[in-house]
1. With just the Cα atoms defining each centre, how far is segment 155-176 from segment 306-355? Give it in Å.
2. If you count the DSSP beta bridges with both ends in the chain, what percent of them are antiparallel, to the nearest 5?
3. Cut-off 10 angstrom, C-alpha nodes, Gaussian network model of the chain. Which of G148, G238, G254 fluctuates the most?
4. Quote the charge dipole size of segment 57-297 about the Cα centre in Debye, to the nearest 20; the model charges only the Cβ of Lys and Arg (+1) and of Asp and Glu (-1).
5. Lys/Arg Cβ at +1, Asp/Glu Cβ at -1, dipole of segment 25-150 taken about the Cα centre: which of L88, G147, A43 is farthest positive-ward?
6. Considering every pair of different Cα atoms, what Kirkwood radius, in Å, is found for segment 20-161?
7. Taking a cut-off of 25 Å, what percent of all Cα-Cα pairs in segment 57-297 are separated by more than that?
8. At most 16 other C-beta atoms within 10 Å and a DSSP loop state: those are the exposed GluC sites (Glu not before Pro) I care about. Give me the longest piece of the chain that has none.
Amino acid sequence: MQVTRETFDQVMVPNYSPAKMVPVRGLGSRVWDQAGNEFIDFAGGIAVNALGHCHPELVAALTEQGQKLWHLSNVFTNEPALRLAKKLTDHTFAERVYFANSGAEANEAALKLARRYALEKFGEQKQKIIAFTQGFHGRTFFTVTVGGQPAYSDGFGPKPGAVEHCDYNDLAAFESLISDDTCAVMMEPLQGEGGIISPDPAFVKGVRELCNKHNALLIFDEVQSGVGRTGHLYAYMGLEVVPDILTTAKSLGGGFPIGAMLTTTEIAQHLKPGTHGSTYGGNPLACAVAERTFDIVNDPAVLAGVKQKEQLFRDTLATINNKHHVFSEIRGKGMLLGCALNEDFSGQSRLFLDASTQQQLMCLVAGANVVRFAPSLVIPDEDIAEGLTRFERAVASVVAAR
Ligand SMILES: *Cc1c(COP(=O)(O)O)cnc(C)c1O
């Protein structure tokens, strides 16, 4: 059957507007479309393809497990899930793991756990959740309500209640909002979708201290920042602040859907049998691929490589900006970088994205003012150089069209 980009407009729900080309094959950080055009991939499946496309070790993990056992449900446990959970707990603050299929589901579990924990330990009045403006936590109704962009949660009827928002990096505002009725605080230790905004280290420390003071659980949403993305295994490790609950997804599966919620034994015990669950969460296929991804990423050489590659991006982007004057700032960390557009180009990130696609470069935006790169953590330096050469052509074409 012949399908084309036009088929999308005929058969798909119109909630997305994908690029005009349809990719059919990928290898490392290169992707080919239906017409055989080759693209450099700085999008990484939105910070998911941590090891690029079709990494041989992940293909092996997938096909090996694919011949053994795909799915059981939560009525049975399985070896890949147990091994992955063991590794996640061995290498983080956490002692317990709950597996889900996506970032939103991991966050949904974290929020439900926090509410249940507070109810059982402190009583009904302790139910307020504080999150941050511009934050993003997924698209289920609870997580989108906790997310800090009302445009995404308005228009679907009554929202889950007792959710409040505060400006990111504003410790004074946070201090005036938190109280003994706060059950949890959910934050990204580097805001992704909201525009690649790094936290002020003193702000994160202050939030942790105030959570301690008011017995509120601190939930770090590391769905985008986790699994090597910032050059640390998890971003919290670079901030010297330990959360009570951490959620991880995106890069965790290297491209195979999986999410996880990590926490301590003390907190975890409040999700007793029957309180929460998932049919697919922790399925052997996803866990086998995630285990291999985790093994490869959790290596000092790979993590150091992420920092070196960040520098390469920053140096070349500075050169591009000296010539074309389009960015006010290059921000973010590791392989999660944002080019913030200056006033002359404000609101036009989509133009840069479309121009990049024209130049056979795949990239992302993070809001209307930021062009975002979230490539493979092991993208070869030559692909970074070639991709940025294409990006410079895209920038030049946007500038010329002004
Ligand atoms: C992408 C993202 C999510 C949602 O993950 P899904 O897998 O799309 O449900 C949640 N939180 C953050 C920080 C994200 O970047």
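The values are calculated or read from the model by the stated rules, or taken from the named source; none is laboratory data. Computed from a predicted model, the values in this text were never measured in an experiment. Positions of Cβ are generated from backbone atoms using ideal geometry, with glycine treated the same way; all protein chains shown enter the neighbour counts. Heavy atoms of the whole protein, side chains included, go into the accessibility calculation; ligands, DNA and RNA do not. Shrake-Rupley method; radii C 1.70, N 1.55, O 1.52, S 1.80 Å.
1. First find each Cα centre; the distance between them is then 30 Å.
2. DSSP beta bridges in the chain are roughly 65 percent antiparallel.
3. Between G148, G238, G254, it is G238 that shows the largest mean-square fluctuation.
4. Dipole about the Cα centre, nearest 20: 580 debye.
5. So the residue furthest toward the plus end is G147.
6. 19.0 Å
7. Percentage above 25 Å: 39.
8. That gives 241-402 as the longest site-free run.
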